[in-house]
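**Student:** Sharing a structure, written as structure tokens. Questions coming.
The values are calculated or read from the model by the stated rules, or taken from the named source; none is laboratory data. Small disclaimer: the values here were computed from a predicted structure and weren't measured. Ideal geometry is used to build each Cβ from the backbone, glycine not excepted, and the neighbour counts take in all protein chains shown. All accessible areas refer to the heavy atoms of the entire protein, side chains included, with ligands and DNA or RNA removed. Shrake-Rupley method; radii C 1.70, N 1.55, O 1.52, S 1.80 Å.
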Amino acid sequence: ARREFFHLIRDLPADDLKAAAVLAQRWDWPDQAIFTLAKSGYWDDLELRFPLLHQDLVRAEAQASGLDASWIYAILRQESAFNPRAISHAGAVGLMQLMPATAAATARRLELPKPSRADLYDPVNNVALGSSYLASVQRRFDGHPVLAAAAYNAGPHRVAQWLPSEPVAADLWVATIPFRETRGYVRRVLAYRVIYDHRLGRDIEPLSTTMRPIGRGPHLDTFGAHSP
């Protein structure tokens, strides 16, 4: 069905693509709605582009992990576009695109049974483990959202290697991330977080207030420099 839908929309004009995106949403294909609307070049329908699915689950895991719901939603949107069956070329699985080894380590830290691959397709399991892992990398990097987003994508060990010895502006650090995929990932997730603050009716916090300078802290296990 997905292949047929892709074939049908391939040569549609923009207005018909918008209609197809609405149909995809009605058919419970949020990822197809997102991608089809993007193909049309129309960016202003935030309800289609940034759906609020699994609200009870996301709120519960936000409370359990200490994360903002908008932060979890931004990762969900970027990682899988809300397709619970998504699989990456690297083998990451489900809504928050967890590598099986990462999911197993997170479950072990939470004293939960090791999840099977089938378990990771379940939104409840995936969002619980993904949120806990996101919270752990955010804590590791002194609560810095830029570093946490980069670590979720590229791994915390790589991010630790990329930290400058002297503090630099966060936007400059993002622009110099060695991996092009991670550079784009961080930019999108930070933007999506602000959009989801709006979608959830929260006070919108400007990026400038959260993107404090980045550098190694005074201790080896402290990252993310604080502004004077």
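**Student:** On a 1.4 Å probe surface of the protein chains, which of PHE35, PHE179, PHE82 comes out largest in accessible area, and what is the full order?
**Tutor:** PHE35, PHE179, PHE82
**Student:** Taking the full set of protein chains and a 1.4 angstrom probe, give the accessible area of TRP43 in square angstrom, rounded to the nearest 10.
**Tutor:** Roughly 130 Å² of TRP43 is accessible to a 1.4 Å probe.
**Student:** List the relative contact order of the chain as a percent without decimals, with contacts defined as Cα pairs under 8 Å and 6+ residues apart.
**Tutor:** Reported relative contact order: 15 percent.
**Student:** Further question: Can you find, among PRO164, SER131, PRO206, the residue farthest towards the positive end of the dipole of the chain? Put +1 on the C-beta of Lys and Arg, -1 on that of Asp and Glu.
**Tutor:** PRO164
**Student:** Compute, for TYR42, the solvent-accessible surface of its heavy atoms (probe 1.4 Å) with the complete set of protein chains present, and express it in square angstrom to the nearest 10.
**Tutor:** Per-residue accessible area (TYR42): approximately 80 Å².
**Student:** Pick from THR209, THR102, THR182 the residue whose mean-square fluctuation is largest in a GNM of the chain, springs joining Cα atoms under 10 Å.
**Tutor:** THR209
**Student:** Turning to a different aspect of this structure: Note down the accessible area of SER165, probe 1.4 Å, to the nearest 10 Å².
**Tutor:** 90
**Student:** Something else now. What does the accessible area per residue of the chain come to in Å², with a 1.4 Å probe and no ligands, DNA or RNA counted?
**Tutor:** In whole numbers, the chain has 53 Å² accessible per residue.
**Student:** What ranking do 143-149, 4-10, 104-110 get when scored by the average of other Cβ atoms within 10 Å per residue, highest first?
**Tutor:** Packing order, densest peptide first, comes out as 143-149, 104-110, 4-10.
**Student:** Could you work out [θ]222 nm for the chain from helices alone, using -39500 (n - 2.57) per DSSP H run of at least four and dividing by all its residues? Round to the nearest 500 deg cm²/dmol.
**Tutor:** Details: 14 runs with 138 residues, N = 228.
It comes out at -17500 deg cm²/dmol, rounded to the nearest 500.
**Student:** Right, here's the next one. What residue among HIS54, HIS157, HIS198 has the largest mean-square fluctuation in a Gaussian network model of the chain, using Cα springs under 10 Å?
**Tutor:** Fluctuation is largest for HIS157.
**Student:** Could you identify which residue out of ARG77, ARG193, ARG183 has the top mean-square fluctuation in a GNM of the chain using Cα springs shorter than 10 Å?
**Tutor:** Of ARG77, ARG193, ARG183, the Gaussian network model singles out ARG183 as fluctuating most.
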